[in-house]
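The values are calculated or read from the model by the stated rules, or taken from the named source; none is laboratory data. Every value quoted in this text rests on a predicted model; they were computed, and no experiment measured them. FYI the Cβ positions are ideal-geometry reconstructions off the backbone, even for glycines, and counts take in every protein chain you see. The accessibility values were calculated without ligands, DNA or RNA, using every heavy atom of the protein model including side chains. Shrake-Rupley method; radii C 1.70, N 1.55, O 1.52, S 1.80 Å.
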Amino acid sequence: MATFYVATESAGFYRLMQGDEICVDFLKDRHLEVRSAEHLATYSVDHFVADQAIPRAMANEGMFVLHAGAVCVGSQAILFMGESGRGKSTLVASFHAVGVDLIGDDALVVSLSGSNHEVQAVYPSLRLFRDSIEAIMHTDVKTSAVTDLSSKRRIDIPLSLRTPAAPLRVAALFTIAEPANDAGIRIRRLSIAETCMAAIENSFSLDPSDVTRAQDQLALASALARQVPAFELSYPRDFARLPDVRNLILKHVSQLN
Amino acid sequence: MTDILDRQLSCSDVIAESSVGDETVILHLTNGTYYGLDALGTRIWAMIKQGIATPDICQLLADEFEIELTTIESDARKFLIDLEAQGILVVG
């Protein structure tokens with residue numbers, strides 16, 4: 001498994017490493033210096049920079065960057081948070097496959113605009129394992145490798161009018177929990193404190209020991225939790241049940257003010 | 001050992017907190033851990049910050065919620081011991 005190492009600022013800069021193969025230095029002039037082992041595929045380096053380094057750099061600049069997927073429904077965004085492997089990308093892809101606009105499946109910047117929270121993807125990504133691709137996507141979908149460390153495939157998302165460019169108002173947050181024992185689909189409203197902590201837990205940071213940044217993250221997560229309704233979602237990992245899952249999500253969101 | 005309910009309690013100075021609705025999220029600045037207090041925990045936390053003596057806190061809650069004092073004391077004891085163990089409360 002790849003390991004990350006973050007140097008403290010006492011060294012003059014932060015360094016993010018994947019084992020001894022990729023090294024990204026976050027220099028003081030907001031410049032990232034990337035070095036990688038010669039044998040490494042370009043796409044592996046690109047993945048590390050785009051999906052690990054850049055979201056952390058943005059967080060270190062004071063942005064609130066969630067590790068989450070999102071889709072656009074009726075000009076508003078629905079966000080899905082959860083640990084890696086919980087099914088965020090599959091769920092987002094299943095919405096996209098039935099014509100819902102994709103925002104992204106990995107790193108989302110959440111910001112307060114007036115009295116609403118808005119979201120924008122760091123970039124419109126979608127990465128799935130082959131079984132999800134076969135079950136959900138059209139047969140002619142183009143894919144490419146994400147990294148040599150994972151069998152996930154990057155879905156080629158053509159930039160079009162269907163890809164939201166401007167920030168969208170966040171209508172609701174969902175955290176994806178483990179499937180329930182009875183294979184049912186459950187949605188439970190989260191308290192504001194639960195929402196706040198879930199948002200922090202699923203946010204990017206560069207230096208978790210940076211007290212000032214941690215306090216800022218707490219304030220940003222609290223503001224988000226106070227304003228946006230959030231739910232815990234559990235469902236069986238069965239592709240055949242995804243339509244029911246989507247319908248229940250949309251029903252809950254439609255009932256919100 | 002003296003019961004924690006008979007001790008003077010104060011909030012640690014290495015925490016940050018955020019009020020979220022009627023709940024509270026506390027960040028321990030040294031170990032980076034986050035804690036969530038529910039509505040009752042938030043009430044107790046607020047009274048500690050106000051400097052209300054611990055025995056008075058339990059009596060006030062018992063009166064407010066019309067619950068047996070012994071029940072409140074039992075729940076409060078567990079709650080306060082947990083907060084002290086996490087370094088959020090200082091007992092002195």
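In order along segment B:46-53, the phi-based Karplus estimate (6.51 cos²θ - 1.76 cosθ + 1.60, θ = phi - 60°) of 3J(HN,Hα) comes to 5, 5, 5, 5, 6, x, 6, 4 Hz; Gly and Pro are listed as x. Going by accessible surface with a 1.4 Å probe and the largest first, B:T24, A:T42 read A:T42, B:T24. The lysine pair count for chain A, using Cα distances under 30 Å and pairs eight or more places apart or on different chains, is 4. Rounded to the nearest 10 square angstrom, B:I67 shows an accessible area of 70 square angstrom against a 1.4 Å probe. Quotient of the Cα radius of gyration of segment B:2-41 and 2.2 N^0.38 Å, N being its number of residues: 1.34.
Residues whose amide H comes within less than 5 Å of that of A:V71, counting only those at least five positions distant or on another chain, are A:I78, A:I103 (H built at 1.01 Å from N in the peptide plane).
Note that segment A:202-215 has calculated 3J(HN,Hα) couplings of 9, 10, 7, 8, 9, 10, x, 8, 6, 5, 4, 5, 5, 5 Hz, one per residue in order, obtained from phi through the Karplus relation 6.51 cos²θ - 1.76 cosθ + 1.60 (θ = phi - 60°); glycine and proline are x. Evaluating 6.51 cos²θ - 1.76 cosθ + 1.60 at θ = phi - 60° for every residue in segment A:127-144, the Karplus couplings come out as 10, 9, 6, 4, 5, 5, 4, 5, 7, 10, 8, 5, 5, 9, 5, 8, 10, 8 Hz, glycine and proline recorded as x.
Working note: Debye formula, equal point scatterers on the alpha-carbon atoms of chain A, no solvent; log10 I(q)/I(0) at q = 0.09, 0.14 Å⁻¹ is -0.40, -0.99. Here the Kirkwood formula puts the hydrodynamic radius of chain B at 13.4 Å, using every distinct Cα pair.
Computed over neighbours whose Cβ is under 10 Å from that of A:R153, the net charge equals +4, Lys and Arg +1, Asp and Glu -1.
For segment A:57-102, state the semi-axes of the equivalent ellipsoid (square roots of 5 times the eigenvalues of the alpha-carbon gyration tensor), sorted largest first and rounded to whole angstrom. Working shown, then result.
Numbers: eigenvalues 98, 42, 10 Å².
Value: 22, 14, 7 Å, ordered largest first.
Straight Cα distances below 23 angstrom link B:K49 to the lysines B:K78, with same-chain residues fewer than 8 positions distant left out.
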